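Since the structure comes first, as structure tokens, the remarks are kept for the end.
Rule-based calculations on the coordinates, nothing more; no lab input. Just so you know, these numbers come straight off a predicted model, no measurement behind them. Cβ placement follows ideal geometry from the backbone for every residue including glycine, while neighbour counts extend to all protein chains displayed.
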């Protein structure tokens, strides 16, 4: 009997917000109490300008990680756990509870859980450890001597790359795709959703919702 896997997009599928930006705000304000908020505002203005100018998600993802050049990996990781604890203490409903419940049901049935995201591991680890996601498929910034270089190793895990990484993992482990699951919210998750036998869309954008209806995929709203 084969081990089944369930692949979850993170932002707006498990986590209600854009995690990379939410973490960046916390991180910058933590390391620079005087100017961190201003630096975050400048970062978001630059990303907005890139988006308005036609930059795709992969290009924006690479730009985001370039901002960590010269920063210590361990500091980033430590502050990611503090960020997670601050979210828990805030009382904010930052998780999509119905999706987390589905994840826990699958885990209890013996399914291996994976997060698939353009975010990097420091952001994902606190959530993965808390909720039992044992696999991370994510963008990987380069680190040399404990310091981020500002470059990515390989491609950003966005769009078609999500489907490619999922398929590659399943093939390398001889796992039939038809027994596996995927959850996503955006058309950019389509390749990942198509890579498995059981797809579910979560609060989907209109184009993904239409695809889900046509293909008979499960839809979670809420």
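For the subset of the stretch 22-35 comprising residues that are out of contact with any helix residue (DSSP H, G or I) (no Cβ under 7 Å at 6 or more places or on another chain) and in a helix (DSSP H, G or I), which member is farthest from residue 63 (Cα to Cα)? Walk me through it before giving the result.
The first filter runs over the stretch 22-35 and keeps only residues out of contact with any helix residue (DSSP H, G or I) (no Cβ under 7 Å at 6 or more places or on another chain), leaving 22, 31, 33-35.
Within this subset, residues satisfying the condition of being in a helix (DSSP H, G or I) are 22, 31.
Working: 22: 16, 31: 20 Å.
Taking the candidates together, the pick is 31.
Could you pull out the residue among 189, 205 that is under 23 Å from residue 58 (Cβ atoms) and in contact (Cβ under 8 Å) with a residue 60 or more places away in the chain? Steps first, please.
Details: 205 fails: in contact (Cβ under 8 Å) with a residue 60 or more places away in the chain.
Selected residue: 189, the only one of 189, 205 that is under 23 Å from residue 58 (Cβ atoms) and in contact (Cβ under 8 Å) with a residue 60 or more places away in the chain.
Hey, among the residues in the stretch 105-124 that are touching a helix residue (DSSP H, G or I) at 6+ places or on another chain (Cβ under 7 Å) and assigned to a helix (DSSP H, G or I), which one's nearest to residue 203 (Cα to Cα)?
Selected residue: 123.
Examine the stretch 159-181 for a residue that is in contact (Cβ under 8 Å) with a residue 24 or more places away in the chain, touching a strand residue (DSSP E or B) at 6+ places or on another chain (Cβ under 7 Å), surrounded by fewer than 23 Cβ atoms within 10 Å (Cβ to Cβ) and closer than 22 Å to residue 17 by Cβ, and state whether such a residue exists.
no
Restricting to the stretch 207-222, what's the tally of residues that are closer than 15 Å to residue 12 by Cβ and either over 22 Å from the mean Cα position of the chain (by Cα) or assigned to a strand (DSSP E or B) (or both)?
Going through the stretch 207-222 one residue at a time, the tally reaches 2.
Looking for whichever is touching a residue at least 40 places away in the same chain (Cβ under 8 Å), assigned to a helix (DSSP H, G or I), touching a strand residue (DSSP E or B) at 6+ places or on another chain (Cβ under 7 Å) and more than 22 Å from residue 163 (Cα to Cα) here; the options are 98, 86. Which one fits?
98
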